[in-house]
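Peer 1: The following block contains the structure, expressed as structure tokens.
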Amino acid sequence: MDNHPLFILAVPLLAAFGANLLRLSERFKHLLPLVVTGALAFSSVASLDLLRRILTGGTLRYTVGGWKAPYGIELLIDPLAALMMLLISVVALMASFSSLESARFELPDREHVFFSLYLVLVAGLLGLVMTADAFNLYVLLEITSIATYGLIAMGPGRAPLASFNYVIMGTIGACFYLLGVGYLYILTGSLNMADIAGILAGMRDSVAVATAFAFMLVGLWIKMALFPLHGWLPRAYTHAPMSTSVLVAPLMTKVTVYLMIRVIFSIFIPASEFLHRPEVQTVIVWVAVVAIVSGSILAFSQTNLKQMLTYIIVAEVGYMVGGVWLANQTGLTGAILHIVNDALMTLCLFLAAAALIHRTGSLDYTNLKGAFRSMPLTMAAFCVGAFSMIGVPPTCGFFSKWYLILGGIEAGRWEFVAALVISSLVNAVIFFRIFEIAFFRIEAQDGHVAARSHEAPLMLLVPLLLVAAGLLAAGLGAGTIVSKVILFALPGGF
């Protein structure tokens, strides 16, 4: 049996245990960066190799402990799961360099505990995208949530309260999802996704199946912070330590959108019965439209960079949910491509925020005066992330938005198209306001203009520049990503 997928998950998990042990000995404490980055580098390289193998050799199934499905836990790695594993590993690796530097200042003497939770979260996310068991998905969802609660609560001030609010909402979401799984188990007597799908194929127009689907969907919507179920996200991500935000903000909502896609197309067969019902599709697309517009307006009203970025995440969730529920190949392609692009864009902007706060001490807009003069490389990378979020070619954000707009036109959902255009225009206003403050308003010190370059440390700057270059590379290679990976990842019928 090929144990390759399990190693990708197990190495960060074992590293989490090792990171916690290092704190017991002064002699080995300095090895923490090597343990963290080494484990994530292994997962990144192994995930890239696994994606290559899946694209050439087809879907891989792995049974944990040798217990055959549907009785044992099965892992399923298809092209979409392999792509997500690579995305999670690379984002976690790039974020780890910034987190190692930020945690030294934000969490002195607690870095080992922090990175134990950090690596548990990464292992949980990898498990989420691999699992083919509906109940195991719930367990892994809670593992990642508990790790996130702890990472957020380690912040100062209102962070524990924000984390508690997240606990309440996350628990409600998990309960909804688990109720749906319970309905499915009563109906089918199985928890394996493929086995459930085979049984449900003969239960057309079942109210119980529709109820299970609704419960699971609402649970995932709460977890991904789809407007108006988003209330926990801005507070949690804003008050979290920056060393937490650079990992959690790019990944948590995107992985949950992936889970929605997985649940729709791996359990509820044929999925098109739900996706193509006009009354259901119309309601959900309109919810996505409201999420996009509301998130953008709320982002526009902020005066703190980190708070603004959290509301942009709320709008971006609407992009991806709406793209899935357009129920056509172009829209679904755009949604999957936007999962990848938005993770990279958000990572770039939060890495830039980490560099800025390291030098300025605050992310209030007024503290960004003269940032282009004092931190030119940081602000250049920030510009690339901002242009990508706006949708300026050749950055990657343009191409996923283009697919989403074409999907909306193809589906006749002009309200969705209009929301995408409005959101992009609002994003342009938001970011150009920041550019104006950072470039034209110069902070004076003792009667002299502060013009000396004062970049962030290399541990913050280098990953930021690499991710910014990655946004351009992903944009220029968007056609290859779609044709070589995403089209193979689309479910049957698309």
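The values are calculated or read from the model by the stated rules, or taken from the named source; none is laboratory data. None of the values given here were measured: they were computed from a predicted structure. A quick note on method: Cβ atoms are made from the backbone with ideal geometry, for glycine too, and the neighbour counts reach across all protein chains shown. What goes into the accessible areas is simple: the full protein's heavy atoms, side chains included, and nothing from ligands, DNA or RNA. Shrake-Rupley method; radii C 1.70, N 1.55, O 1.52, S 1.80 Å.
Peer 1: Using amide H atoms built in the peptide plane, which far-off residues or other-chain residues are under 5 Å from Thr63 H to H?
Peer 2: Those lying under 5 Å, H to H, from Thr63 are Leu75.
Peer 1: Now for a separate question. In whole Hz, with x marking every Gly and Pro, tabulate ³J(HN,Hα) for segment 221-229 from phi via Karplus 6.51 cos²θ - 1.76 cosθ + 1.60, θ = phi - 60°.
Peer 2: Per residue, the Karplus-derived 3J(HN,Hα) values read 4, 5, 5, 8, 6, 6, 4, x, 8 Hz.
Peer 1: Over all pairs of distinct alpha carbons, what does the Kirkwood formula give as the hydrodynamic radius of segment 10-65, in Å?
Peer 2: By the Kirkwood definition, the hydrodynamic radius is 13.2 Å.
Peer 1: Distance in nm between label sites at Glu410 and Leu487, each 7 Å beyond Cα in the beta-carbon direction?
Peer 2: 1.2 nm
Peer 1: Return one number: the angle in degrees, 0 to 90 and rounded to the nearest 10, between the long axis of the Cα atoms of helix 79-106 and the longest principal axis of the Cα atoms of the chain.
Peer 2: On a 0 to 90 degree scale, this one is about 30.
Peer 1: Hey, what D do you get for segment 202-297 in µm²/s if you plug the Kirkwood alpha-carbon radius into Stokes-Einstein at 37 °C and 0.692 mPa s?
Peer 2: 220 µm²/s
Peer 1: Another one. Quickly estimate the mean residue ellipticity at 222 nm for the chain, helices only: each DSSP H run with n ≥ 4 gives -39500 (n - 2.57), and the total goes over all residues, rounded to 500.
Peer 2: For the chain, the value works out to -25000 deg cm²/dmol.
Peer 1: Going by a ≥ b ≥ c, the root eigenvalues of the Cα gyration tensor, does segment 346-422 fall in the rounded group (a/c under 1.5), the prolate group (a/b larger than b/c) or the oblate group?
Peer 2: Verdict is prolate for segment 346-422.
Peer 1: Now for a separate question. How much accessible area per residue does segment 55-168 have, counting only protein heavy atoms and a probe of 1.4 Å, in square angstrom?
Peer 2: 36 Å²
Peer 1: Under the √(5λ) rule applied to the eigenvalues of the Cα gyration tensor, what semi-axes describe the equivalent ellipsoid of segment 213-358? Give them in Å, descending.
Peer 2: Over the Cα atoms of segment 213-358, the ellipsoid semi-axes are 28, 15, 13 Å.
Peer 1: Given 4 °C and 1.567 mPa s, compute D for segment 25-153 with the Stokes-Einstein relation, Rh being the Kirkwood radius over Cα pairs; round to the nearest whole µm²/s.
Peer 2: 81 µm²/s
Peer 1: Which value, in Å², gives the accessible area per residue of segment 349-485 when a 1.4 Å probe is used on the protein heavy atoms?
Peer 2: Normalised by residue count, the accessible surface of segment 349-485 is 44 Å².
Peer 1: Let me ask you something else. Helix 376-390 versus the longest principal axis of the chain: what is the Cα-based angle in degrees, 0 to 90, to the nearest 10?
Peer 2: Taking Cα atoms only, the helix is inclined about 30 degrees.
Peer 1: By per-residue mean of other Cβ atoms within 10 Å, what is the highest-first order of 370-380, 355-365?
Peer 2: 370-380, 355-365
Peer 1: For segment 324-330, just list the computed ³J(HN,Hα) in residue order, Karplus coefficients 6.51, -1.76 and 1.60, θ = phi - 60°, integers in Hz, with x standing in for Gly and Pro.
Peer 2: In residue order, the calculated couplings are 5, 7, 5, 6, 9, 4, 5 Hz.
Peer 1: At 20 °C and 1.002 mPa s, grab the translational diffusion coefficient of the chain from Stokes-Einstein with a Kirkwood Rh over Cα pairs, rounded to a whole number in µm² per second.
Peer 2: Estimated via Stokes-Einstein, D reaches 94 µm²/s.
Peer 1: What lysines could a cross-link reach from Lys223, if we take a straight Cα to Cα line under 28 Å and drop same-chain neighbours fewer than 8 places away?
Peer 2: List returned: Lys254, Lys306, Lys401.
Peer 1: Run through segment 37-90 and list the trypsin sites (Lys or Arg not before Pro) located in a DSSP loop whose Cβ has at most 15 other Cβ atoms within 10 Å.
Peer 2: Sites meeting the loop and neighbour criteria: Lys68.
Peer 1: Quote the FRET efficiency, to the nearest 0.05, computed for Arg158 versus Arg359 with a Förster distance R0 of 25 Å and r equal to the Cβ-Cβ distance.
Peer 2: 0.60
Peer 1: Hey, another quick one. Can you list the HN-Hα couplings for segment 131-139, worked out from phi with the Karplus curve (6.51, -1.76, 1.60; θ = phi - 60°), rounded to whole Hz and with x for Gly and Pro?
Peer 2: Each residue's phi maps through the Karplus curve to give 5, 10, 10, 5, 6, 4, 4, 4, 4 Hz.
Peer 1: Right, next: What's the angle, to the nearest 10 degrees (0 to 90), between helix 458-476's Cα axis and the longest principal axis of the chain?
Peer 2: Compared with the principal axis, the helix lies near 50 degrees.
Peer 1: Using amide H atoms built in the peptide plane, which far-off residues or other-chain residues are under 5 Å from Leu229 H to H?
Peer 2: none
Peer 1: Under a plain spin-label model, where a point goes 7 Å from the Cα along Cα-to-Cβ, how far apart in nm are Gln329 and Phe440?
Peer 2: 4.7 nm
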